[in-house]
Amino acid sequence: MVSRQERQTVMQQRREAMAVLAAAPGQDLLGLWNAAALPDEAALLRGPETGLVTLRGRMGGGGAAFNFGEATVTRATVKLPSGVVGHAYALGREKEKVRVAAVIDALRQQPEFETAIEEKILAPLRRRQAETDETRRTETAATRVDFFTMVRGED
Amino acid sequence: MYVAVKGGEAAIRNAHTLLADRRRGARDVPALTLEQIAEQLALAVDRVMAEGSLYDTGLAALAVKQARGDMIEAIFLLRAYRTTLPRFGYTRTIDTAAMLVERRISATYKDLPGGQLLGPTFDYTHRLLDPELAEDQEPAAPEARAADHEAMPRVSEILAQEGLIEEDGSLPEEREPGDITREPPEFPMQRDLRLQALSRGDEGFLLALGYSTQRGFGRNHPFAGEIRIGEVEVEIDVPELGFPVPLGRIRVTECQMVNQFKGSMKVPPQFTRGYGLVFGQSERKAMAMALCDRALRAGELGEDITAPAQDEEFVISHSDNVQATGFVEHLKLPHYVDFQAELGLVRQMRREYEERRAGAATERREAAE
């Protein structure tokens, strides 16, 4: 019997992996996927297909919700020969990226592939994203205004 | 009787071939790639996404290229494209406090947690044309400075601690946010629908209206409380998974306008607020949106409605440049039959007018004799 807490952790890890895959540039993800040489035998249950989501913001940043525009999103659902189902969603229209992300989502639910996927795909993607973000942060930080007070007169 | 007239197929076909040729321009000049447009005309792409109301840099770049740089035409193309796609649903609300900030300034607080970050701004440039850009010069690499990962609360949260500023806008708890793309607009309109219309509204129109409030037509004493630009995470709830699914990140510009308010019968003196939220790096648009949002809250705050920017129906009905251009530009289409009818009518009125004049002249002559 799996405890509620364990289920929660599994869910959180899956979600985190999906976030990494969704945010990854298609080229990076496909490059790592091809290099990892994992079985690509999943059958497509849905998609990959592109559609729209309506984005929501909040009045004043934290108030009542409102719709402020739409974005393209691509999604795919696959099923491994073992019966495990994988899902993927990502902004944009990169169908092959999303199909592969769904296969990865399915494979990482199987203990025999979990480590390989973590080491060969997710960890490098996470590292690259962290680097890109850090570069952006440091470049922005260089434009931070340092105020200094000018004191005039002697008293 | 109605007589349909056909013709012009060959002319239209040839005009479109000519358009394609002129769009390409001189063949000894290399063709633009979509990557070049998305990277080097990024703010044009942002504007097309914002007013086309579709976040997709590749499609917006294609629209800019296809429209030969005509922004409203590009916006039109993107709007038309979005109608061809199925809808997957509504995202969870974005959290702008958790933004990966690329620019963040406040005109009301000098020292605020997270600091003033200028980012890639045109501000403080001298607006002198730079001949060096005419050449393909490699720009200097950006400076870097250790980032302290300090949290950057929205300025409105800082002001709220004193209780002198109104809270983030609220609507009844049970209200599902309205969607102007699904239901026709009705006036009076709730603020959520207005904000949606303003977010996709024409930048020039909203800028002019915002400016009009500053010049005294519905003055509301604004301060740029905060402007922030950066990337936010997007998530969506889907039935097949028991958790919000991350979709990736989008870049947005948020503007918190803070407005002095002397109070009314309904509301005590305090700072009120206007809000702007726009796709991409679109600072002018976000500011104009916030000014218009505040002006349109006149009724809610018990202010007199005296100026165009405060007139909800006027502002919202005319803010959409795709609708506006459609109606203005349709005047170019053949109106031959309408015009013939009008011509007949004017001829008849003119005849009657001449007859009346002649009759009056005869009467005057007879009276004088």
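The values are calculated or read from the model by the stated rules, or taken from the named source; none is laboratory data. Because the structure is predicted, anything quoted here is derived from the model rather than measured. Glycine also receives a Cβ, built like all others from the backbone with ideal geometry; neighbour counts cover every protein chain displayed. When the accessible area is computed, the model is the full protein with side chains, heavy atoms only, and any ligands, DNA or RNA have been set aside. Shrake-Rupley method; radii C 1.70, N 1.55, O 1.52, S 1.80 Å.
Brief remarks follow.
- Temperature 20 °C, viscosity 1.002 mPa s: under these conditions the Stokes-Einstein estimate for the protein assembly as shown, based on its Kirkwood radius over C-alpha pairs, is 80 µm² per second.
- In sequence order, calculated HN-Hα J values of the stretch A:12-22 (Karplus, 6.51, -1.76, 1.60; Hz; x Gly/Pro): 5, 5, 5, 4, 4, 5, 5, 5, 4, 5, 5
- Solvent-accessible surface (1.4 angstrom probe) belonging to B:L241, in square angstrom, nearest 10: 10
- Residue among B:F327, B:A31, B:F314 farthest towards the positive dipole end of the protein assembly as shown, charges placed on Cβ: B:F327
- Dipole check for the stretch B:13-82: with +1 at the C-beta of Lys and Arg, -1 at the C-beta of Asp and Glu, and the Cα centre as origin, the magnitude is about 340 Debye.
- Rolling a 1.4 Å probe across all protein chains gives B:M152 an accessible area of roughly 40 Å².
- The Cα trace of the stretch B:13-82 gives Rg and Dmax of 12.2, 35 Å, the first to one decimal, the second as a whole number.
- The residues of the stretch A:8-123 expose, per residue, 38 Å² of accessible area to a 1.4 Å probe.
- Residues within the reach of a label modelled at B:D148 (point 7 angstrom out along Cα to beta-carbon, backbone nitrogen below 18 Å), restricted to the stretch A:129-155, are A:137-149.
- Overall, the stretch B:236-356 carries a charge dipole of about 420 debye about its Cα centre when +1 sits on the Cβ of Lys and Arg and -1 on the Cβ of Asp and Glu, all other atoms neutral.
- Across peptide B:245-257, the average count of Cβ atoms from other chains found within 10 Å of a residue's Cβ is 5.
- Electrostatic dipole magnitude of the stretch A:8-123 [Cβ: Lys, Arg +1; Asp, Glu -1; Cα centre; debye, to 20]: 480
- Per-residue shielding of B:221-228, expressed as the average number of other chain Cβ atoms within 10 Å of the residue Cβ, stands at 0.
- Peptide packing for B:82-88, A:142-148, B:129-135, B:275-281 was compared via the average number of neighbouring C-beta atoms within 10 Å per residue; ordered from the highest value, the list is B:275-281, B:82-88, A:142-148, B:129-135.
- Per-residue ³J(HN,Hα) for the stretch B:48-60, Karplus 6.51 cos²θ - 1.76 cosθ + 1.60, θ = phi - 60°, Hz, x for Gly and Pro: 5, 5, 5, 7, x, 6, 9, 8, 6, 5, x, 5, 5
- Values of log10 I(q)/I(0), in the order q = 0.12, 0.14 Å⁻¹, for the stretch A:8-123 under a Debye, Cα-only, solvent-free model: -0.46, -0.60
- Unit charges at the beta carbon, dipole of chain B: most positive-side option, B:C255, B:P120, B:L85: B:L85
- Between A and B, roughly 5900 Å² of accessible area is buried in total, ligands, DNA and RNA not counted and the probe set to 1.4 Å.
- Accessible area expressed per residue, chain B, with surrounding protein chains retained (probe 1.4 Å, Å²): 59
- Expressed as a whole percent, the accessible surface of the protein assembly as shown that belongs to carbon and sulfur atoms is 54, based on a 1.4 Å probe.
- If you count Lys pairs in the protein assembly as shown whose Cα atoms are under 29 Å apart, skipping same-chain pairs closer than 8 places in sequence, the total is 13.
- Listed residue (A:L91, A:T115, B:F187) projecting farthest to the positive dipole end of the protein assembly as shown, Cβ model: B:F187
- Spatial separation of Cα centroids for the stretch B:37-78 and the stretch B:5-36, in angstrom: 18
- Remark: mean inter-chain Cβ contacts per residue of A:129-136 equal 3, using a 10 Å Cβ-Cβ cutoff to other protein chain atoms.
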